[in-house]
1. As an exercise: evaluate Thr732 against (1) part of a loop (DSSP other than H, G, I, E, B); (2) surrounded by fewer than 14 Cβ atoms within 10 Å (Cβ to Cβ); (3) among the hydroxyl-bearing types (Ser, Thr, Tyr); (4) over 60 Å from the mean Cα position of the chain (by Cα) and give the number of the one condition it does not meet.
2. Working only within region 109-147, note down all residues that are over 19 Å from Met330 (Cα atoms) and charged (D, E, K, R).
3. Any residue in region 530-538 that is more than 25 Å from Gly443 (Cα to Cα), among the β-branched types (Val, Ile, Thr) and assigned to a loop (DSSP other than H, G, I, E, B)?
4. Name the residue, out of Leu471, Leu385, Leu412, Leu392, that is within 24 Å of Pro52 (Cβ to Cβ), touching a residue at least 12 places away in the same chain (Cβ under 8 Å) and not hydroxyl-bearing (Ser, Thr, Tyr).
5. In this structure, is Ser827 more than 60 Å from the chain's Cα centre (by Cα), in the same structural domain as Val899 (by TED's automatic domain parsing) and under 14 Å from Ile871 (Cβ atoms)?
6. Please tell me if Thr508 is assigned to a loop (DSSP other than H, G, I, E, B), in contact (Cβ under 8 Å) with a residue 12 or more places away in the chain and under 50 Å from the mean Cα position of the chain (by Cα).
7. Going residue by residue through region 1036-1055, is there one that turns out to be touching a residue at least 60 places away in the same chain (Cβ under 8 Å), surrounded by fewer than 17 Cβ atoms within 10 Å (Cβ to Cβ), over 28 Å from Asp253 (Cβ atoms) and polar (S, T, N, Q)?
8. Any residue at all in region 712-727 that's within 30 Å of Ala612 (Cβ to Cβ) and in contact (Cβ under 8 Å) with a residue 60 or more places away in the chain?
Amino acid sequence: MKPMPKRLSALRSRARSTGAACAVLATVIPVFTFGVGATPAAAATLPGGLGPCVPGSCPDPFPEVGNGPFAGRDDAINIFVGDDFLVRGRAAEAEGRVVVLDDFDQNKNTDASGLYNLGIVGVGSRVPPPDGSDFLTTGGDVTIAPGQTLDTTGGIVEEQGIVRHAGTQTGTVTGTTIQDDNAAGPYTGLRDELTAASQCYARPDGNQLREPTGTAVNENFRTIFTGDNTSLLQVFNVDFDMVNPNNLNGGQDIAFEGIPAGATILVNVIGENRVINTTSGEATLGQYRDRLLWNLPDASTAQFIGSGQFQGSVLVGNQASMSTVSLSGMNGRFFTTGSLTHTSETSGIEFHAYPFNGDLPECGSQPVTGAVSVLKTDADSGAPLAGAEFELWRETNGVGGLQTTGTTPDTLVTDCTTPDDGICTETTTLGEYYWRETAAPDGYDLPDPNVFGPLVLTDENATDGVRVEALNTPTVVPPVTGDVSVVKTDADTGNPLAGADFELWRETNDEAGLQTTGATPDTLVSDCTTPDDGVCSDNTVLGTYYWRETAAPDGYDLPDPNVFGPLTLTEDNASEGVRAEAANTPTVVQPVTGDVSVLKTDAETSEPLAGAEFDLWRETNGVDGLQVDGATPDTHVTDCTTPINGICSENTTVGTYYWRETAAPDGYDLPDPNVFGPLVLTDDNATDGVQVEALNDPTDVPVVTGDVSVLKTDADTGNPLAGADFELWRETNGVDGLQTTGTDPDTHVSDCTTPADGVCSDNTILGTYYWRETAAPDGYDLPDPNVFGPLTLTEANATEGVQVTATNEPTVVPPVTGDVSVLKADSETGDPLAGAEFELWRETNDEAGLQVDGANPDTHVTDCTTPDTGICSENTTVGTYYWRETAAPDGYDLPDPNVFGPLVLTEDNAAQGVQTEALNDQTVVPPVTGEVRVFKTDAETGVPLAGAVFELWRESNNTPGLQTIGINPDTHVSDCTTPAGGICSDTTVPGTYYWRETAAPDGYELPDPNVFGPLTLTEDNAAEGVQVTAANTQEPVPPVNGSITLDKTDAKNGEPLAGAVFELWRETNDVPGLQTGGANPDTLTDAGCSTGDDGQCVFDDLPLGEYYLREIAVPEGYVLSDDPVSGPIEVTEENSAEGVTVELTNERGEPCKGKGGKDKGKDCEDNDHKAAARG
């Protein structure tokens, strides 16, 4: 961000480059007139005419804050910021037009709404700027934090507020954004003028404060401004913060008294750092809003905080200042020459647009101005017309009518083009004016005559302004058309191309570029496919067009981007037309390839042969046959060794090829010739490929053979075993170990099943071999690993052969087993029971029945406790069994007898198993219970509290903590409200419990969290019970205020007396009685109240305490009491609602015999001691 002086210097430079600043303002912002050379007025507005609503669509009066329909439109600036505007915290909205000379920066709290409404707001005066006008203008950047939005539409589809910015725009903005280097240029002069005006309002001579017309007193609970009830400009000078030190949040009321109807109120808030913390709103201050100005000429920091709806406009004159606004609502203009922060940490806060219509002191020349306007309408329908161009001229040459040329023409004031409402308006000084129409709206004739006026703006009509209506007749003109064409060409040769598909689109949605989809696409005009000359053309009306290519010609790529334009067809170029060239690049075609292969086979058996080595060559030197050396050999492509299938293959491009065999497979002769080909691969045969067969004759060599054998034996005895199945494999794939599967396995030689001697043998050629056992003899396990070898048969050992021994383990046969089970059930319901303890015994001592002790007991097998199914089961070998119950489930008696059986498990029933049922009778036992309590106390004093409402819940869903909702909540037990002792209690069964407080005692806050526990009640602690303490904090109690009403009557006839004057004093020095002087007097609360016709004085909003009424003047003809002090009068909580009424009487005195003479008695009224009445 630029330093502010440099930013303003740049803006002023741009303003000078486009003309005088005042001239720019006069055209861009009609409400501003700086008044160069104007005659001073008796009362002035703010600089530049800031404050009032711009005439045209102003409601009268402005409605109070609400969310109703729009009440009007106002193009006046509502917020002016001389430096940066920062949106922070939970700030919500800024209604009306906003001008910022430097940066607008929005970065709200992440837990707040990311939306900030500007211009149009949900709740406010509902008088936004005109649709389509500038809502926000900045001389710097507009920065919106990620995830946040600046909205200038109010969520209304047809509304479009403009954000005009000189710098960059970052983040999301809804509405229209326009980058304009001179965006803030017209407003730069305002900053210094506002600073000067702010100082002038406070210090007319630059030193002494302006003479006040009233007083401002901070009474803690309020600041009271008391005017003189006469002056039409009420001036107050305040050199203190408007805060209440006795209020936790510092808020106080603001009140005005003695303000005559129609008066302007100027409050000069003096000091470097100032705070206004108020709860006041429309009810008390709304009547002064449009004529109330808060002027802070000195403040470097100014804080506007509190819960009120602040009323009136604000002017901050220190250009180095930071104003912070955290009030619920600001209702009026806000003009600061420094920076502004709009923020709140608790709730959404808002600026509301309300005008300032007050009459301020003269601080420089202030002309009387008014609006001079023209309404352009359709002569037939009366509808307003946009697009008419006007000039406004001032009568200055003394010649009747308008003269725009010659040596002494009249004076041109401004130019204007009518917007949608058809109105051009200019706020200017008094005089005689003419509107001259220079161009009619599209489709309309220029009227003849085209001058409208004169319009005479006077003191009398300046407030309402003057206006003339200008009618236009529609022009019947055939549309101008021209050719919009595109030529499709080859990007390399420039030749025209046929077969390209195009769409022609007209720009109609005012968005840059072509939009073919979405809510508001541009308009599709026609489709076209290019003919042989490559040209698509459409004769159409004037406008901006795009050609969109949807399909490229065959053999060409679709260009990216595929949109050509914009092509702007105008009246000037319609006869020639406009054309775009669209070049396409030929599609790169991949070369055709196919397989060139050779099949190596045995010449006698035609079996494929592995191990033949080949070269593949491409014919490239133009000489028939294959040349592999010399100056120009053919081209070597690849090498290959044939695998088991005997095929070498290469996928390559079309051409002529040769396979050359360089080495024959082992045991075979190299063929002569050893070149196979030519093989011609073409486009036609590429899919199938080409192949040649190369035959090899076996080499005539005597074969050496020998026995390769395996001996199968029992692993324990070493005896030979018959019946083992083996495979013999030869190592042929060059991979260590045996591979029997995959693409290249070793070679299967033979199969064999061992005879009685256990030996399998095969007489075979030299090589490396493996025996693989595929099936073991009956009764034996297959060994792991089941491969034996390698056995290498060589010329050296071929005579004896090679052998390996393969041993097998006998298969272990598992004994026959089955389930022996007992079902434990409730004797009455038959339901299964968990928790019964059993022993399982096997019959082993050959004595009938179960013996569990003695010299020769049966055999104990296992123990078991029944689960939820009630079944104990054991998988065991065949035999006779007994189940013996040693402990019954909780709540049940042990049965007698407690032995169940015998259960005989045999081979026949082992699959199903055997089971017995054991029934138990329930034991009648009283349940254990205990108290679960909660003790409700005051968090500070520990005193028990009555009136807290609790729920008791039992943990029942096995989820930690308390769940009161959902598909499986815990169990609600009971409800309770604490009595005077503060304890809620429930006697219940053991378990885990929670107390949940649902309502706090009166005057207390509900604790957070409001769940207390877990409390676990067990058999061990049931006698004492379990308890938890729940402490509550008192709710903050707003201060209680009361009132005192004085009834003054005639002591004789009881008639009310007007004109008795009283002071109200508060007891504050702890000395009995009233002390009005000395080092430590009591506190004067009200300096003077005069009884009205009803004889009453009412003192409101009094803090609790003791008060005294002191009568300081009596009605004429009455005697002041010897003791004019009444009290103490106690204002308490008990009487605060209805207030305290004090009845006082006065006795009549003797008539006065002469004013100021010797005969003036003590009973005569002494006007020298009579206090001024309170308004």
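The values are calculated or read from the model by the stated rules, or taken from the named source; none is laboratory data. As the structure is a computational prediction, the values presented were derived from the model and not from experiment. Every residue, glycine among them, receives a Cβ derived from its backbone with ideal geometry; neighbour counts consider all protein chains shown.
1. (2)
2. Once the filter is applied, which keeps residues that are over 19 Å from Met330 (Cα atoms) and charged (D, E, K, R), region 109-147 yields Asp111, Asp131, Asp134, Asp141.
3. We begin by selecting, within region 530-538, every residue more than 25 Å from Gly443 (Cα to Cα); these are 530-537.
Within this subset, residues satisfying the condition of being among the β-branched types (Val, Ile, Thr) are 530, 535.
In the following step, the residues that additionally are assigned to a loop (DSSP other than H, G, I, E, B) were identified as 530.
So far as region 530-538 goes, yes, one or more of its residues are more than 25 Å from Gly443 (Cα to Cα), among the β-branched types (Val, Ile, Thr) and assigned to a loop (DSSP other than H, G, I, E, B).
4. Values: Leu471 fails: within 24 Å of Pro52 (Cβ to Cβ); Leu385 fails: within 24 Å of Pro52 (Cβ to Cβ); Leu412 fails: within 24 Å of Pro52 (Cβ to Cβ).
Just a single option satisfies the conditions, and that option is Leu392.
5. Details: more than 60 Å from the chain's Cα centre (by Cα): yes; in the same structural domain as Val899 (by TED's automatic domain parsing): yes; under 14 Å from Ile871 (Cβ atoms): no.
Considered against the rule, which asks whether it is more than 60 Å from the chain's Cα centre (by Cα), in the same structural domain as Val899 (by TED's automatic domain parsing) and under 14 Å from Ile871 (Cβ atoms), Ser827 comes out as no.
6. Working: assigned to a loop (DSSP other than H, G, I, E, B): yes; in contact (Cβ under 8 Å) with a residue 12 or more places away in the chain: yes; under 50 Å from the mean Cα position of the chain (by Cα): yes.
In short, yes.
7. no
8. no
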